[in-house]
Amino acid sequence: MRAQYDVIVIGGGTAGVVAAIQAGRAGCSVLLVEKNAMLGGTMTVQGINAPAHFFAWGKQIIAGIPWELVRTTLVESGQPLPAPAISAGTAKPRHVIIDRTVFAIVCDMAVLAAGVELLFHVMPAAVAFEHDGWKVSLCTKTGLQHVKSTVLIDATGDANVVQMAGLEVNRPSIVQPATLQMYCSGYDADTLNYAALKGAAEKAIAAGELKTTDISWRNTGPESFLRSHGCNANHVRASNAETSEGKTLAEVEARQAVLRMYRFFRAQPGLENFHVDWICSETGIRETVTIKGRATVTTHDYESGARYDDALCYAFYPVDEHLNDGGGTNFRVLAANVLPSIPRGALLPEHSRFLITAGRCLSSEREANSGLRVECPCMAMGQAAGAMAALSVTSGLSPEALPLNEIHALLRAHGAVVPYDLDVSA
């Protein structure tokens, strides 16, 4: 590990990977640190391998490095490449499903090819801004290491670095539940008596042997869970999951939910051989905190496709707020030809210098955040963050002071779609 870098990216999930690649390809010395053993975050470690959506209203709205990584994964695994036409005339295009293992390897290769130094099993211990940049203490397996950078990118998803820097975050009183991704087998889903299973589940829930959220988002019984083989099918309360304490409680409760579900199903007719093939090593967290940014994406702005003067990238997903206690989701598709965008100010913590965030902790209201949090816009934010970081290094200007046309020019040079280069009104 070097003593000084141009850019340090904390977090190697969907946003951090792209940010590091972009900064590296733009000529910066970059260090990318990740707490897990694998890049890709929610796409790999948490098992949600449907990034959604690169296309909207018949046009490709997110391209550049995010699409390159996904396209390479699809080609490597022998899957057909989707075209923009899949999104024509619909607010709910079909999801692009990718191979999680191949994607993780593709991310490794792209990060290293960009000249980025990569460290797994590392977490930040402290950060401080000094007159010449950021001083960062990293907790490695062999102890604390101290490094410096001109620009720091918080891609933790939880604004951990922003909080370490003493900057404000917004902490909602209620957050969306988490999901532990798994795959279950040992049964024929088409031969089960779902009415009887629903009745048995209701009795088990009344007896305290099962929670409705162990087997259903919507308190509708186990049919959806069993037909999907447990894929993205449970809900787990996950308050304060931006902290180690809160995340620990969520992980333990998620695995307890698996055990309750496992015991219940194996006691039911037709499910005697039910088993769990695998669970992810990390529970998928949908929501923790958001930064207090220089600008905030409101729900009205998101659903109306507000045109920000400093927009850096697009996003496209319904309002998708998951509710606790079997309540399902608060789900609203976007109106025809509405295409939300993400402003620079939403990625920049208020009162910060040379600090950029990327990912679900961007400054946004809760319902807007429920659409912005998904992987594809997080990847696009990552490319925007990496571009700003690179330009800050070369110019000496903090990200908020960079000329917008220069950010857009660098993004275009690396294949990104820049608002408002597209016309989706037709």
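Quick one: ranking His121, His414, His300 by accessible area, 1.4 Å probe, largest first, what do you get? Mind showing how you got there, number by number?
On the way: His121 95, His414 50, His300 135 Å².
Most to least solvent-accessible, the answer reads His300, His121, His414.
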Computed [θ] at 222 nm, helices only, for the chain once each DSSP H run of length n ≥ 4 contributes -39500 (n - 2.57): -9500 deg cm²/dmol
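Over the range 233-344, calculate the relative contact order: mean separation of alpha carbon pairs under 8 Å at least 6 apart, over the residue count, as a percent.
On the way: 112 pairs, mean separation 25.5, N = 112.
Here the relative contact order equals 23 percent.
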Under 20 Å between alpha carbons, and skipping anything fewer than 8 positions from Lys203 in its own chain: which lysines qualify? Lys211
At most 15 other C-beta atoms within 10 Å and a DSSP loop state: those are the exposed trypsin sites (Lys or Arg not before Pro) I care about. Give me the longest piece of the chain that has none. 308-426
Work out from phi, with θ = phi - 60° and the Karplus expression 6.51 cos²θ - 1.76 cosθ + 1.60, the ³J(HN,Hα) of each residue of the range 377-383, listed in order in whole Hz, and give x for Gly and Pro. x, 5, 5, 5, 4, x, 5
Among Ile285, Met1, Asn193, whose Cα projects farthest towards the positive end of the dipole of the chain, with charges put on the beta-carbon of Lys, Arg (+1) and Asp, Glu (-1)? Asn193
Can you give the % of DSSP beta bridges in the chain that are antiparallel, to the nearest 5? 65 percent
Any idea of Asp99's accessible area? Nearest 10 Å², probe 1.4 Å. 60 Å²
Computed for the range 176-262: size of charge dipole around the Cα centre, +1 on C-beta of each Lys and Arg, -1 on C-beta of each Asp and Glu, debye to nearest 20, value 120 debye
Rounded to the nearest 10 Å², what accessible area does Cys313 show when all protein chains are kept and the probe is 1.4 Å? 10 Å²
Please state the relative contact order of the chain as a whole percent: Cα pairs under 8 Å, 6+ residues apart? 22 percent
Can you send over the solvent-accessible area of His322, 1.4 Å probe, protein chains only, in Å² to the nearest 10? 10 Å²
Once normalised by the length of the range 299-404, the mean sequence separation of its alpha carbon contacts under 8 Å that are 6 or more apart gives a contact order in percent of 30 percent
In this model, which of Lys35/Lys59; Lys35/Lys198; Lys135/Lys292; Lys141/Lys247 are farther than 31 Å apart at the alpha-carbon? Lys35/Lys59; Lys35/Lys198
Among Gly386, Pro340, Leu362, pick out the residue whose Cα is farthest towards the positive end of the charge dipole of the range 293-426, where Lys and Arg carry +1 and Asp and Glu carry -1 on C-beta, about the Cα centre. Gly386
Quick one: putting +1 on the C-beta of Lys and Arg, -1 on the C-beta of Asp and Glu, what dipole do you get for the chain around its Cα centre, in Debye to the nearest 20? 280 debye
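The values are calculated or read from the model by the stated rules, or taken from the named source; none is laboratory data. Everything numeric in this text was worked out from a predicted model, so none of it was measured. A quick note on method: Cβ atoms are made from the backbone with ideal geometry, for glycine too, and the neighbour counts reach across all protein chains shown. Just the protein is used for accessible areas: all its heavy atoms, side chains included, with ligands, DNA and RNA removed. Shrake-Rupley method; radii C 1.70, N 1.55, O 1.52, S 1.80 Å.
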